[in-house]
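*Asks:* One structure is given below, represented as structure tokens, and several questions about it will come after.
Please treat every number below as a calculation from the coordinates, not as lab data. All values derive from a computational prediction rather than experimental measurement. All Cβ positions, even for glycine, are placed from backbone atoms using ideal geometry, and neighbour counts span all protein chains on display.
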Amino acid sequence: METANLIEAAVFCTYHEIEYSFISSLEEHGLVHLILVNEQRFIPNDQLQQLEKMIRLYQDLDVNIAGIEVVVNVLQRMEELQQQNLNLKNRLRLYEQC
């Protein structure tokens, strides 16, 4: 498998000065998906921004894994509701034009 769009988890941990066990715990809770290539774990590029947010919650605000899980779920739900709201506004706009 090509690793062009992947970041090696160990390198990521070194760069962010975090233990690999933190990334492993996030994976166990389903908050991040690691890809195994040649017995090395990699993080997809599309997950980096979300993962860095989780690291800031953990390091800067001292939020534990369970708390991070709650925050991530609430933020995802908010994004869904915002998208639904936008869709409804667009439908209403179309209805008003008729």
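*Asks:* For the range 41-84, what are the residues that are in contact with a His (Cβ under 6 Å, 6 or more places away or on another chain) and surrounded by fewer than 13 Cβ atoms within 10 Å (Cβ to Cβ)?
*Replies:* none
*Asks:* Please pick out the residue among ILE65, ILE35 that is aliphatic (A, V, I, L, M) and closer than 17 Å to ALA9 by Cα.
*Replies:* Details: ILE65 fails: closer than 17 Å to ALA9 by Cα.
Within the list ILE65, ILE35, the selection yields ILE35.
*Asks:* Follow-up. For the range 5-23, give me each residue that is of a type in the set (Asp, Glu) and more than 19 Å from ALA66 (Cβ to Cβ). Full working, then the answer.
*Replies:* Initially, the range 5-23 is screened for residues of a type in the set (Asp, Glu), giving 8, 17, 19.
If the condition is that a residue be of a type in the set (Asp, Glu) and more than 19 Å from ALA66 (Cβ to Cβ), then GLU8, GLU17 are the ones that fit.
*Asks:* GLU8 is checked against (1) touching a strand residue (DSSP E or B) at 6+ places or on another chain (Cβ under 8 Å); (2) surrounded by 16 or more Cβ atoms within 10 Å (Cβ to Cβ) and fails just one. What number does that condition carry?
*Replies:* Looking at each condition in turn, GLU8 falls short on (2).
*Asks:* Could you please find all residues in the range 11-40 being surrounded by 14 or more Cβ atoms within 10 Å (Cβ to Cβ) and under 23 Å from LEU75 (Cβ atoms)?
*Replies:* PHE12, HIS16, ILE18, PHE22, ILE23, SER24, SER25, LEU26, GLU27, LEU31, VAL32, LEU34
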